[in-house]
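J.: Input: one structure, supplied below.
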Amino acid sequence: MPTESAASALKILRDGSQFQWYVIPCLALVLYVYAVEAERRNWDLFFAGLALWAMDWFNEIWNGLVFHFTQYAPVWGAPGRTAYLILIGLNIEICFMFAIAGVVVAKTLPAERDLKILGLPNRWVVAVAASVFCVCVEMFLNAAGALTWDYWWWNVRMPWLIVVFGYLTFFVVAFWVHDMPTVRQKATTVGAIFAFDAVCLVVFAGLLKWI
C-alpha cells in the first residue's frame, strides 16, 4: 500500500486543474537567465546549467520508477501545494529552480581551474558545499511537509546519501561540462543526457504509464 504522502501526490499527479498563473513569469525568468548567458556567449555557464537540469530529470525518473516497483513510496515525494506535479517527486516549481540552479552555482567557480581551496580541487569543494547547502534546504522543506521522505535510509538521520546521490552527481556533471574545452563537446554531452531522459519519459511515462 502507498504511504499517505505518496497517495496524496498521486491524487494531483499531472492534474491540470492545479495550474496557477505564476508559472508563466517563472518560465520567463528561466528563459531570461539563459538568454543573458547566450547573449554574452558564456557557453560554460549556459551548458553547465542545462547539464544540471538534465541530471535532475534523470533523478526524478528513477525516483518515479522506485515508486512504481515498490508501490510503497518514492525516495522523495512532493505532495504539497503546487501549480503542476510533473512526476511524483517533481513539481513545476522544483523544475524551474533546477533549470537555473546550475547557472547560479557555476558562477561561483574560480576562473582558475587548478586553484586549490584548503588544499583540495576547487570544483570538488564547490560541488560538496553546494550539495550540503541544498540538503539543508531540503531538510527545511521536509520539516514543512512540502517534501517527503518515507525510507529509513533517505532522511535527516542519513543526510550523506542525499548529499551524494541527490545533489553531488548533479554538480559534478555540471562542472565537468562547464570545463569542457569546446562548445561542441558541451552541447553533445548535454544533448545526450537530455535525449536519454526524453526516451525514458516517452517509455515510462507515455507508453507504460509507470511514472
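J.: Based only on Cα atoms, what Rg/Rh ratio does the stretch 1-123 have, Rh being taken as Kirkwood's radius?
T.: Ratio of gyration radius to Kirkwood radius: 1.08.
J.: Using the alpha-carbon atoms, what tilt in degrees (0 to 90, nearest 10) does helix 43-70 show relative to the longest principal axis of the chain?
T.: Taking Cα atoms only, the helix is inclined about 20 degrees.
J.: In the stretch 1-88, what percent of the accessible surface is made up of carbon and sulfur (1.4 Å probe, ligands and nucleic acids excluded)? Show your work: numbers first, answer last.
T.: Details: 2930 of 4550 Å².
The value for the stretch 1-88 is 64 percent carbon and sulfur by accessible area.
J.: Put a dot 7 Å past each Cα toward the Cβ at Ile117 and Val137; how far apart are the dots in nm?
T.: 1.6 nm
J.: Send over the per residue convex hull volume for the stretch 148-211, Cα only, as a whole number of Å³.
T.: 95 Å³
J.: A further question follows. Counting heavy atoms of the protein chains only and a 1.4 Å probe, report the per residue accessible area for the chain as a whole number of Å².
T.: Values: 11170 Å² over 211 residues.
In whole numbers, the chain has 53 Å² accessible per residue.
J.: Within the stretch 32-98, report the chymotrypsin sites (Phe, Trp or Tyr not before Pro) that DSSP leaves as loop and that have at most 13 other Cβ atoms within 10 Å.
T.: Tyr72
J.: For the stretch 76-211, report the % of Cα-Cα distances exceeding 20 Å.
T.: 57 percent
J.: Under a no-solvent Debye model with one identical scatterer per Cα of the stretch 9-74, what's log10 I(q)/I(0) at q = 0.14, 0.27 Å⁻¹?
T.: -0.67, -1.09
J.: Please give the calculated 222 nm ellipticity per residue for the chain, where each DSSP H segment of at least 4 residues contributes -39500 (n - 2.57) and the sum is spread over every residue; nearest 500 deg cm²/dmol? Before the final figure, lay out each step's value.
T.: Numbers: 7 runs with 119 residues, N = 211.
Helices in the chain give a 222 nm mean residue ellipticity of -19000 deg cm²/dmol.
J.: In nanometres, what is the gap between the two model label sites at Glu4 and Phe196, each 7 Å from Cα along Cα-to-Cβ?
T.: Placing both labels 7 Å beyond Cα along the Cβ direction yields 3.8 nm.
J.: How much length is gained on full extension from Arg41 to Phe165, taking 0.36 nm per residue of separation minus their Cα-Cα distance?
T.: 41.5 nm
J.: Please find the FRET efficiency linking Trp124 to Trp153, where r is the Cβ-Cβ separation and R0 is fixed at 25 Å, and quote it to the nearest 0.05.
T.: Values: r = 24 Å, r/R0 = 0.98.
My answer for the efficiency is 0.55.
J.: Go through 186-198, 165-177, 17-29 and give me the packing order, highest mean Cβ count within 10 Å leading.
T.: Ranking the peptides 186-198, 165-177, 17-29 by packing returns 165-177, 186-198, 17-29.
The values are calculated or read from the model by the stated rules, or taken from the named source; none is laboratory data. The structure displayed is predicted, hence computed values, not measured ones. Neighbour counts run over all protein chains shown; Cβ positions are idealised from the backbone, glycine included. The accessibility values were calculated without ligands, DNA or RNA, using every heavy atom of the protein model including side chains. Shrake-Rupley method; radii C 1.70, N 1.55, O 1.52, S 1.80 Å.
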